[in-house]
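Step one of this worksheet: look at the structure below.
Nothing in this text is a laboratory measurement; each read-out follows from the coordinates by a stated rule. It should be emphasised that the depicted structure is a prediction, and the values quoted were computed from it without experimental measurement. Note that each Cβ is placed from the backbone with ideal geometry, even for glycine, and that neighbours are counted across all protein chains shown.
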Amino acid sequence: MAILDIIKYEGDNSTFVWKHPREDFSTSSQLIVHETQEAVFFLNGQPLDLFGSGRYTLETQNIPLLRKVANIPTGGETPFHCEVYFINKTEQMAIRWGTDSRVQYVEPTYGFPLSIGANGEMSLRADDSKKLLVKLVGTERDLSQARLTSYFRAFLMTKIKTYMAQVLKADAINIFEIDERLLDFSDALRQKLIPDFADYGIALERFFVTTISKPDGEPQYEKFKELHFRRYADIAEAKLRQQVGVIDKQTEAQKMVIESEALATKRRQEGYTYQQERGFAVAEKVAENEAVGQFTNMGVGLGTMAGVGGAVGGVVGSAVTGAFAGAAQPAETAFCDNCGAKLPSGAAFCDSCGAPVASPARCAQCGYVFERPGKFCPKCGARREG
């Protein structure tokens with residue numbers, strides 16, 4: 001009979017399940033369970049109590065299920081035969097996985113049959129201790145990370161390949177866009193695998209697809225890739241042409257604005273008023289048309305054009321009237337320097353105040369013929385003399 005005072009975990013952190021080597025314990029033994037661990041007692045192959053982290057004295061009062069199974073005196077040192085398994089519940093990371101053969105599926109975008117492989121990493125954690133012991137450990141003394149992976153190898157190969165084909169089809173993932181969607185692809189596979197691992201008491205904490213093996217070099221795949229890139233090259237070229245056309249139109253519009261502003265600046269420097277500049281613009285539009293018939297076809301009458309000429313100023317009025325009527329420019333209108341009344345054509349005296357009509361006054365600065373009394377020249381702004 002062996003008496004053991006301390007029962008504690010002595011395995012490493014890469015082990016999921018570890019069985020204590022001693023099996024016969026007295027009721028005075030101490031059980032120590034570390035944080036992120038659980039201890040399960042087995043008696044005659046039957047799992048009994050489950051202990052979380054802490055320190056326990058092995059007495060029948062502390063093991064209710066054991067007391068029901070074995071009739072052990074409470075105050076003696078009578079030994080009892082049982083087994084203790086420690087469950088490491090830390091997350092086991094960087095567990096490699098990979099498909100042993102290529103997955104055959106129909107590419108959802110183009111309908112081509114393709115074959116791809118995949119590999120990556122996952123992290124697992126013992127979740128249901130009793131289920132894990134019953135379904136995977138059995139009579140084994142430990143369950144290491146490597147052994148667990150080997151147990152799940154065939155399981156993973158069948159499940160992952162099936163789920164990969166399902167996810168690629170359901171989410172319509174293009175083979176040429178799959179690298180940029182690896183996170184979504186990985187998460188979708190993890191969601192499908194969670195119930196399968198949980199059935200063995202294992203929690204699938206993380207699952208990553210890190211590499212997709214494409215069938216590069218296969219003639220069918222290379223033709224498929226060429227077709228795909230040609231299609232997107234045509235789309236990119238069409239967008240580029242559209243952008244260039246927009247830029248050309250913008251450039252032409254900017255050029256017209258610059259030329260218009262430059263011409264307006266030149267005219268202002270020559271002394272023309274804003275109203276006269278607008279008149280020049282209308283006259284230029286008139287000059288662009290070769291015949292009056294073009295205006296008639298547009299629904300614009302001669303009277304309308306003549307009205308436009310009168311509205312924008314004397315200069316344009318004369319140009320429009322001369323262009324369409326062929327008549328001579330009208331005589332300049334004169335006003336009395338004394339009272340400002342309009343003078344009849346050829347009058348020598350004002351018919352309102354009787355003042356003699358002087359010869360037309362001109363601006364000493366620019367030579368503009370004044371049409372009415374005032375203090376400043378309406379063309380150049382110089383102060384009038386007299």
Shape category assigned to the stretch 171-237 from the gyration tensor of Cα positions, a/c cut at 1.5: prolate
Simple spin-label estimate for N13 and Q242 in nanometres, 7 Å along Cα-Cβ: 5.5
Options G111, V134, G201, ranked by Cα towards positive dipole end of the stretch 93-215, top entry (Cβ charges): V134
Neighbour-count ranking [beta-carbon atoms within 10 angstrom, fewest first] of E177, E23: E177, E23
Calculated FRET efficiency for the pair R141/Q46, C-beta based, R₀ 22 Å, to 0.05: 0.75
Per-pair calculated FRET efficiency, R0 = 35 Å: I32 and M157 via Cβ, rounded to 0.05: 0.30
Cβ-derived FRET efficiency at R0 30 Å, R55 paired with L183, nearest 0.05: 0.10
The stretch 332-386: C-alpha gyration tensor shape, a/c 1.5 cut-off, then a/b vs b/c: prolate
Gyration tensor (alpha-carbon) shape descriptor, the stretch 93-215, a/c threshold 1.5: prolate
Pair K169, T149: separation of 7 Å Cα→Cβ label points (nm): 3.1
Exceeding the 24 Å Cα-Cα cut-off - candidates K342/K379; K131/K159; K159/K214; K131/K192; K89/K161; K342/K375: K89/K161
